[in-house]
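A short worksheet on the structure shown next.
Read the figures in this text as sums done on the coordinates, not as results from a lab. What you are looking at is a predicted structure, and each value in this text was computed from that prediction instead of being measured. Here the Cβ is made from the backbone with ideal geometry for all residues, glycine too, and neighbour counts use every protein chain on show.
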Amino acid sequence: MASILVIADDLTGAAEIGGIALRYNLTVDIVHELDAGLQSDVQILNSNTRSLKEDEIISYLKKITAELDKKAYPFIYLKFDSALRGFIKKQIEFFKDQLQFQTVLFSPANPSFGRIIENGVYYINGTLINETSFSEDPEFPIKDQHVLSILQAPNWKLVQAPNNPDVTEGCLIAEVSTQEQLDLFAQDIHSGFLLAGGSAFFDAILHHKYKQFKIGFREHVELNYPILYVCGSAYEGSLEKISKVKPEYVVFMGNKENDEKVKEELINKLKERSRVIFAVSPETKGNAAEIRKRMALIVAYAYNKTEICELVIEGGATSFEILNELNIKVITPVQEIGLGLIKTIVEGKQLFITLKPGSYPWKNELWEFK
């Protein structure tokens, strides 16, 4: 059984955590259901709650954690979006009660990525978070800069140092603006706290507990062709990058009545080219969940009709839908290509799947269309 359990609210976040664990020579499995039979050091349960409606979350969490015994895992970590998207307060308070912790320490900041909290205000590279593209997120638009307001958690407490003697229980948020501050929180954690946050806090905790074997990312990215890139993110930078690729490499999904034509176009291009991008047309109408489902159905159809060797999927919710359609229950991280860019393998299939959060940068070697 794993010694570390991470519960992540989306699949790319789960993969990012898996990549970090690889740096410390830990074995990792990412699952959609808890599996006591897995022997990996780290088991990452993808709850996919960021794609659920608010009133669906608690019943779903109860279902997937029904067999969870906190005594079986020396270390449990809750992974959430560093940009505070999702119904984070509801989930943290659920786990606090379900796992019987008096105190939760939540640290979403990632100083190395320009994401910091100062005086209760969230900044990204010096800009208020509600003045960045996250203000236009289709599902969780950030309309405030104050962390407590974003989380809708007025009773939570902001803390500037770990083990604050004035705050001994409840839900605490680490005010972190530098890597040094983050490291201090990771080094001086009360043993009775439930820990939650972004990938940077998890990395800092592992850095304190384990020897780091890999510093930096592996330079060479070994690829197997053909590769299908699935871009399900609405992030502005992603859309701009796709717009610069020659049209012969791209298949856009429009409105639903054209899905059969899109399937055939995608299959034809996969037979002609070693790399193909499948993305949502900016003019596509429908809610995000419906669009993800349609994309997943088209990808599954193409996978069954061609010989795709690698999937590169952008967007955690999109990744989850595709894995469901392909009936993939477990993926194993094998390489951290770049920040949040994680290559995994599917046991029993000749298939590699690389996962990428929409707001994270691409690695040039992976994104080459000439």
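Using only DSSP helix segments of four residues or longer, with each worth -39500 (n - 2.57), what per-residue ellipticity at 222 nm results for the chain after dividing by its residue count and rounding to 500?
-8500 deg cm²/dmol, from helical runs alone.
Packing-wise, with mean Cβ within 10 Å as the measure, how do 50-60, 314-324 rank, highest first? Don't jump to the answer; show the numbers that get you there.
Values: 50-60: 14.8, 314-324: 25.5.
Highest-to-lowest ranking by the protection proxy: 314-324, 50-60.
For Thr27 and Glu67, what does the FRET efficiency come to when R0 = 22 Å and r is the distance between their Cβ atoms, rounded to the nearest 0.05?
With a Förster radius of 22 Å, E is 0.55.
For the residues Val176, Val251, what sequence is obtained by ranking on other C-beta atoms within 10 Å, fewest first?
Ordered by Cβ neighbours within 10 Å, fewest first: Val251, Val176.
Find out how many positive minus negative residues lie around Ile308, taking Lys and Arg as positive, Asp and Glu as negative, among other residues whose Cβ is under 14 Å from that of Ile308.
On the way: positive: Lys263, Lys269, Lys271, Arg273, Arg275, Lys305, Lys349; negative: Glu272, Glu307, Glu310, Glu325.
It works out to a net charge of +3.
Between beta-carbons, use under 14 Å as the cut-off and find the net charge around Ile129, counting Lys and Arg +1, Asp and Glu -1. Can you show the working numbers first?
Details: positive: Arg85, Arg115, Lys143; negative: Asp81, Glu118, Glu131, Glu136, Asp137, Asp144.
Its environment carries a net charge of -3.
At a Förster distance of 56 Å, what's the computed FRET efficiency of Gln39 paired with Phe369, Cβ-Cβ distance as r, to 0.05? Don't skip to the answer; put the middle values down first.
Values: r = 40 Å, r/R0 = 0.71.
Plugging the Cβ-Cβ distance into 1/(1 + (r/R0)^6) gives 0.90.
In terms of the Cα gyration tensor, with a ≥ b ≥ c the square roots of its eigenvalues, is region 220-370 rounded because a/c is under 1.5, prolate because a/b exceeds b/c, or oblate?
rounded
What does the extension gain come out to for Asn287 and Lys241, with contour length at 0.36 nm per residue minus their alpha carbon separation? Intermediate results must be reported in sequence, preceding the final value.
Numbers: separation 46, 0.36 × 46 = 16.56 nm, distance 2.30 nm.
Full-extension gain reported as 14.3 nm.
Hey, any idea what Rg/Rh is for region 4-209, computing Rh the Kirkwood way over Cα pairs?
Here the Rg-to-Rh quotient is 0.93.
Helix by helix, which DSSP H runs in the chain go 24 Å or more along their axis at the Cα atoms and have an average Kyte-Doolittle hydropathy of -0.5 or more?
288-305
Pick out, in residue order, every one of the chymotrypsin sites (Phe, Trp or Tyr not before Pro) in region 181-213 that is DSSP loop and has at most 15 other C-beta atoms within 10 Å; say none if there are none.
Listed in order of number, the matching sites are Tyr210, Phe213.
Near Tyr60, within a Cβ-to-Cβ distance under 14 Å, what is the net charge of the other residues, with Lys and Arg +1 and Asp and Glu -1?
-1
With the Cα gyration tensor of region 234-278 giving a ≥ b ≥ c as the square roots of its eigenvalues, does the rule (a/c under 1.5 for rounded; else a/b larger than b/c for prolate; else oblate) give rounded, prolate or oblate?
In terms of gyration-tensor shape, oblate.
Given the C-alpha centroids of region 250-279 and region 109-152, what is the distance between them in whole angstrom?
Comparing the Cα centres of region 250-279 and region 109-152, I get a distance of 35 Å.
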